[in-house]
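Colleague: Submitted below is the structure of interest, expressed as structure tokens.
What follows draws every value from the coordinates through simple rules; no lab data is involved. None of these values were measured; they are calculated from a predicted model. Every residue, glycine as well, gets a Cβ built from its backbone with ideal geometry; the counts of neighbours run over all protein chains shown.
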Amino acid sequence: MAARVLDDLGCYLLAGAGADNPATLLDEARRAEELGLGTAFISERWNVKEAASLTGAACAVTERIQIATAATNHNTRHPLITASWATTMHRLSGGRFTLGIGRGIAAVYSGFGIPSVTTAQMEDFAAVMRRLWNGEVIVGHDGPIGQYQVLFLDRDFRENIRLALVAFGPKTLALGGRAFDDVILHTYFTPETLRRAVTTVKRAAEEAGRDPESVRVWSCLATVGDHLPEDVRLKKTVARLATYLQGYGDLLVRTNDWDPAVLTRFREDPVVLSVPGGIDHKATPDQIEHIATLIPDEWLEPAATGSPRQCAARVRDELGYGADAVIMHGSTPDELAPVVDAYRR
């Protein structure tokens with residue numbers, strides 16, 4: 001007998017920086033569906049986590065679960081390529097695909113010679129996608145995403161494809177409320193930050209003449225139970241948060257109203273400076289143990305930890321804080337199984 005679907009729960013496939021063998025995603029997708037999770041999310045990395053390939057694979061080995069990108073970037077593919085990919089996935093999966101985009105990290109884009117993503121571009125992109133999916137011929141487009149003489153897929157298209165936005169700051173959150181179907185928040189948002197983010201999204205939806213309840217806000221909650229070995233837990237909590245602090249610590253600290261002096265000490269620490277890349281992917285266990293001493297307990301509190309029952313209760317807390325659904329982040333479906341069982345009970 002199939003497990004009752006938990007539409008308010010999701011997880012990431014190949015969570016984190018990725019795996020050496022992307023085929024691991026196939027088993028994870030099957031297991032997520034077996035557990036009854038509502039949505040499986042796939043983030044894109046420029047290594048072996050190319051989003052179009054992985055979403056196709058995930059949809060091919062599942063029958064019911066929603067498959068969503070969270071996120072890819074709108075400016076790394078021509079808009080017709082992205083629109084065609086989304087339409088293909090939508091039809092192949094029987095309507096189970098969500099195209100999710102995000103802003104990305106400006107420093108990374110700069111290094112690779114790719115212009116930074118703006119809020120105006122993402123709003124323009126969303127509007128163009130919806131027009132293409134509804135059979136429009138767009139002539140002479142001149143907007144934030146660029147100038148195009150003609151954009152066109154098929155006059156017969158009437159595709160109802162969900163659009164998601166990974167959002168952090170207030171401008172992006174408001175955009176999610178105005179123009180997207182799902183808004184996906186960041187991990188390690190405090191309860192106060194979560195409440196504020198949800199309010200921003202829903203208010204923007206209402207001001208745009210949309211039903212606020214039609215925009216689903218996902219909390220992204222690190223979920224790492226104590227049924228996992230301690231070194232694994234440290235990698236999925238301390239090392240993961242440390243990696244965020246490496247990439248966009250100022251934004252996360254400002255958003256949560258944390259002490260910026262702590263971030264400065266973290267960045268200046270010799271062990272942190274010695275790690276050749278993302279801490280969650282490159283640091284040794286000894287280095288991670290040291291880095292744990294640099295991060296205050298309160299910064300790690302916005303997570304589901306402890307016994308599976310305690311993790312499940314913490315997931316439910318996120319719904320109480322205003323989230324419409326929760327992504328249990330950082331653990332594989334197998335690792336989440338005891339938490340999902342406790343959640344059901």
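Colleague: Could you give the nm distance between label points at residue 110 and residue 307, where each point is 7 Å from its Cα heading toward the beta carbon?
Modeller: The answer from the label model is 4.9 nm.
Colleague: For region 325-340 and region 12-72, what is the centre-to-centre distance using only Cα atoms, to the nearest Å?
Modeller: Region 325-340 and region 12-72 have Cα centres spaced 14 Å from each other.
Colleague: About the Cα centre of region 91-205, what is the dipole size in debye to 20, counting +1 per Lys and Arg Cβ and -1 per Asp and Glu Cβ, all else neutral?
Modeller: Details: 14 positive and 10 negative charges, 82 e Å.
With Lys and Arg at +1 and Asp and Glu at -1, about 400 debye.
Colleague: Still on this structure: Within the chain, count lysine pairs with alpha carbon atoms under 25 angstrom apart where the residues are 8 or more positions apart or belong to different chains. Numbers along the way, then the final one.
Modeller: Values: 49/235; 49/236; 49/282; 171/202; 235/282; 236/282.
The number of close lysine pairs in the chain is 6.
Colleague: Separate question: Out of all DSSP beta bridges in the chain, what portion is antiparallel? Express it as a percent rounded to 5.
Modeller: Values: 6 of 39 bridges.
Once the DSSP bridges in the chain are tallied, antiparallel ones form about 15 percent.
Colleague: Continuing with this model, one more query. In percent, how large is the relative contact order of region 177-278, given Cα pairs closer than 8 Å and 6 or more residues apart? Present the calculation step by step, with values, prior to reporting the outcome.
Modeller: Numbers: 90 pairs, mean separation 25.9, N = 102.
For region 177-278, the relative contact order is 25 percent.
Colleague: Multiply the residue separation of residue 48 and residue 7 by 0.36 nm, subtract the distance between their alpha-carbon atoms, and state the gained length in nm to one decimal.
Modeller: Working: separation 41, 0.36 × 41 = 14.76 nm, distance 2.84 nm.
That pair, residue 48 and residue 7, stretches by 11.9 nm at full extension.
Colleague: Right, here's the next one. Using alpha-carbon pairs under 8 Å, 6+ residues apart, how would you state the relative contact order of the chain in percent? Working shown, then result.
Modeller: Values: 638 pairs, mean separation 58.2, N = 345.
After rounding, I find 17 percent.
Colleague: What value in Å³ per residue do you get for the convex hull of the alpha-carbon atoms in region 45-165? If you can, show how the numbers build up before the last one.
Modeller: Values: hull volume 11.4 nm³, N = 121.
Taking only Cα atoms, region 45-165 has a hull volume of 94 Å³ per residue.
Colleague: How long is the gain from residue 341 to residue 196 if the chain were fully straight, where each residue apart is worth 0.36 nm and the alpha carbon distance is subtracted? Write down the numbers at each step before the final one.
Modeller: On the way: separation 145, 0.36 × 145 = 52.20 nm, distance 3.01 nm.
49.2 nm is the gain from fully extending residue 341 to residue 196.
Colleague: Right, here's the next one. With all pairs of different alpha carbon atoms counted, what Kirkwood hydrodynamic radius in Å does region 206-304 show?
Modeller: Working: mean 1/r = 0.0669 Å⁻¹.
It is 15.0 Å.
Colleague: How would 331, 219, 214 line up from fewest to most surrounding beta-carbon atoms within 10 angstrom? Provide the component values of the computation, followed by the final result.
Modeller: Working: 331 23, 219 27, 214 9.
Neighbour counts put them in this order, fewest first: 214, 331, 219.
Colleague: Find the relative contact order for region 18-137 and round it to a whole percent, using C-alpha pairs within less than 8 Å whose residues are 6+ positions apart.
Modeller: 21 percent
Colleague: Next up: If each residue's Cβ is checked for other Cβ atoms within 10 Å, how do 231, 317, 8 rank with the fewest at the top? Write down the numbers at each step before the final one.
Modeller: Working: 231 12, 317 16, 8 19.
With the sparsest Cβ surroundings first, the list reads 231, 317, 8.
Colleague: Sticking with this one: Based on the Cβ-Cβ distance of residue 250 and residue 156, what FRET efficiency does E = 1/(1 + (r/R0)^6) give at R0 = 45 Å, to the nearest 0.05? Could you put the intermediate results ahead of the total?
Modeller: On the way: r = 48 Å, r/R0 = 1.06.
That gives a FRET efficiency of 0.40.
Colleague: Take every DSSP beta bridge whose two residues both sit in region 28-117, then give the antiparallel share in percent to the nearest 5. Walk me through the intermediate numbers first.
Modeller: Working: 1 of 8 bridges.
Antiparallel: roughly 10 percent of the beta bridges in region 28-117.
Colleague: Moving on. Would you work out which of 92, 110, 78 lies farthest towards the positive end of the dipole of region 70-135, given +1 charges on the beta-carbon of Lys and Arg and -1 on that of Asp and Glu, about the Cα centre?
Modeller: Towards the positive end, the residue furthest out is 92.
Colleague: Report, in cubic angstrom per residue, the convex hull volume of the C-alpha atoms of the chain. Mind dumping the intermediate values first?
Modeller: Details: hull volume 46.1 nm³, N = 345.
So the per-residue Cα hull volume is 134 Å³.
Colleague: Between region 204-260 and region 150-183, how far is it from one alpha carbon centroid to the other, in angstrom?
Modeller: First find each Cα centre; the distance between them is then 21 Å.
Colleague: How much net charge surrounds residue 77 when only other residues with a Cβ under 11 Å from its Cβ are counted (Lys, Arg +1; Asp, Glu -1)?
Modeller: On the way: positive: none; negative: 44, 50.
Net local charge, residue 77 excluded: -2.
Colleague: What value does region 1-53 have for Rg/Rh, both radii from Cα atoms and Rh as Kirkwood defines it? Each step should come with its number before you reach the end.
Modeller: On the way: Rg = 11.9 Å, Rh = 11.7 Å.
We get a ratio of 1.01 for region 1-53.
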